[in-house]
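Written below as structure tokens is the structure these notes are about.
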Amino acid sequence: MPGTEDAFYLTTPIYYVNDAPHIGHGYTTVMGDILTRWHRQRGEQVWYLTGTDEHGQKVLRKAEENGVKPQEWVDRLIDTEWKPLLETLDIANDDFIRTTEERHLLGAKAFWERMHANDAVYKGSFSGWYSVGAEEFVAEDDVLDGEGEDTGHKVSALDGSRLEHVTEENYFFRLSDYQDRLLALYEERPEFIQPESSRNEIIAFVKRGLNDLSISRSTFDWGIQIPWDPSHVMYVWIEALLNYVTAIGYGTDQDRFERLWPADVHLVGKDIARFHAVIWPAMQMASGIEVSHRVFAHGWLLVGGQKMSKSKANGIRPAEIVDVFGSDAYRYYFARALTFGRDGSISWEDIHARYTSELANGLGNLASRTAAMIGKYFEGRLPDAGEPTDAETAVVDLVADATARADAAIEALAPHEAVSAVWEIVESLNGYLAEQQPWQVAKHDLVRTGAILATAAEGLRALCVLLAPVMPKATAALWESLGADAVIGPLSDQRIADVPRWGQLPAGTPVTKGAVLFPRIEVEDA
RNA sequence: GGGGCGGUAGCUCAGUCGGUCAGAGCAGAGGACUCAUAAUCCUUGGGUCGUGGGUUCGAGCCCCACCCGCCCUACCA
């Protein structure tokens, strides 16, 4: 396992500040958070990076429209849109990189110097159809023959504006040189780009041949200057990808960089898989650093249901969901209801249905009934577990097995499978209680009643640890109600590997009922 | 045009190497129970596995063709 000795380093894409945060951003960020929290719970060193991409012509233009300097504009968006998103979703990122930060500027320049020194960059000319109105180049596919008063000219299919054929001097990246090395990379390390569907597309794309990439712009200046030619700024994509190295010290803190690099996982949406699985590794090769381990492309969120179907997925703000169901339910839902790496349907109705049946009636009620009985029959003191019968052994075995399967699923970047495995514990504990009927046994055998409830409490202890990465708030509350902190320490110190070890909560531990974990939610129109 | 991924019970989806693979959850129906958030537990699904062929002793699972949906086919991010 090359490079993972030091720290598990996972990144999200850096989000383009101009966008409004939507559930797609939320999805990526939450999944990254779940994966990294799980790795921390394993006791590993972890580095979880997210951030924002703030340069480019579009940002500049938007700032001008709003009558402010671009820096002022992006600062405002960070404060009002992007930082709050992390709060809303309860994200425990270790760092947040902004491409307007000094460390990124310095690191990006250093990286370019390196590519230049290695002769991966050259000056050439780029020509294409330029829309003066939109101030940008229009792709060949969007160039149409003009009609009416535009007859004889080319026009943009995007906005109908007249186009001029423009040639400009740009710096180019020798992407074409890397075709063979990239194909070799995909071949030798099949896990480099996942899932399989993305890998297939990427390979097909590269096999068709790669062209050199125009990577600088000289028509505007909101960007990072090319170190040896300040009349050009870096093309935003080429600059943005560098955040993955500049954030951990490339060009500014070499020791730190070497500790964290290479990245273990770049989480991306499948729309930008190509940048991460083709251009980015080629750039890494060009600069001489080790290539990242994995790029994982997740799928699209297909929005169904009544309310949401009226707007597109990217019109839904995470806060709309969190305000009603809470951040834990949001995180749980996206992790559980979708197969990571594939497109999947979501709907308001489905969120509500799963919230009710799985969180409120499943986990929430399990915690509630267990604590209530310990309160009722044992005055809130955890009873003695006694000698296990077959029923208890079955529970213990399932916990061990589910833990192992969940851990393997996380390793395979299949968090949905991990949650599913853990949920078997919730279901089996509710079944265990129904079969053992501690409320009946209590009428004649309090020792046995205690053993049953102690087993349920241990099961909840296990669930707290396993679900902490997914639902940090609810598990913290449950941990509190189990009185676990005082006897076995903070939830964050519990290790996945120790989950199956039974009997950690000693008899006598005060167990309190606590607030309802997932109150039922009535939804009128929604 | 080329390529990718899908099309499995009302809904959302599992189905690893072809042989209990025709499944799970939810919804619906019936029953049990009462500790609990009127929660829980048990029972209950007969769907031509998109269509038509083919390979095989045997195919959602392999091959071919076709139909439908989404996506990729580079330089706005």
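Structure notes:
- Taking all protein chains together and rolling a 1.4 Å probe, A:HIS416 ends up with roughly 30 Å² accessible.
- Accessible area in square angstrom per residue, chain A, 1.4 angstrom probe: 42 Å²
- A:VAL303 accessible area, assembled protein chains, probe 1.4 Å, Å²: 40 Å²
- Compared with the direct C-alpha span, the chain from A:ALA92 to A:LEU106 gains 2.4 nm at full extension, assuming 0.36 nm per residue.
- For chain A, the average shadow cast by the Cα convex hull is 27.9 nm², which is a quarter of the hull's surface.
- Principal-axis tilt of helix A:102-117 within chain A, Cα atoms, nearest 10 degrees: 60 degrees
- Protection proxy ranking, peptides A:203-212, A:491-500, average beta carbon neighbours within 10 Å, highest first: A:491-500, A:203-212
- Violating pairs (Cα-Cα greater than 23 angstrom) within the set A:LYS83/A:LYS473; A:LYS207/A:LYS270; A:LYS62/A:LYS83; A:LYS69/A:LYS270: A:LYS69/A:LYS270
- Within the accessible surface of chain A, defined with a 1.4 Å probe on protein heavy atoms only, the carbon and sulfur portion equals 48 percent.
- Estimated D of the stretch A:348-525 in µm² per second, where Rh is the Kirkwood radius over Cα pairs and Stokes-Einstein applies at 25 °C, 0.890 mPa s: 149 µm²/s
- Contour excess over end-to-end distance, with Cα ends at A:ALA412 and A:SER231 and 0.36 nm allotted per residue: 60.6 nm
- Solvent accessible area, Å² - A:TRP237, 1.4 Å probe, full protein context: 70 Å²
- The label point for A:GLU258 and the one for A:TYR122, both projected 7 Å from the Cα toward the Cβ, are 3.3 nm apart.
- Computing FRET efficiency as 1/(1 + (r/R0)^6) for A:LEU302 and A:GLU188, where r is the C-beta to C-beta distance and R0 is 30 Å, gives about 0.30.
- Extension gain from A:GLU435 to A:ARG405, taking 0.36 nm per residue of separation minus the Cα-Cα distance: 8.2 nm
- Angle in degrees between helix A:446-467 and the longest Cα principal axis of chain A, rounded to the nearest 10: 10 degrees
- Among the GluC sites (Glu not before Pro) found in the stretch A:338-403, those both in a DSSP coil and sparsely packed, with 12 or fewer other Cβ atoms within 10 Å of their Cβ, are A:GLU379.
- Projected label points at A:LYS443 and A:ALA204, each 7 Å from Cα along the beta carbon direction, are separated by 6.7 nanometres.
- Between the stretch A:214-273 and the stretch A:30-53, the Cα center-to-center distance that results, in Å: 21 Å
The values are calculated or read from the model by the stated rules, or taken from the named source; none is laboratory data. Bear in mind the structure is a predicted one, so any value in this text is a computation, not a measurement. Glycine also receives a Cβ, built like all others from the backbone with ideal geometry; neighbour counts cover every protein chain displayed. All accessible areas refer to the heavy atoms of the entire protein, side chains included, with ligands and DNA or RNA removed. Shrake-Rupley method; radii C 1.70, N 1.55, O 1.52, S 1.80 Å.
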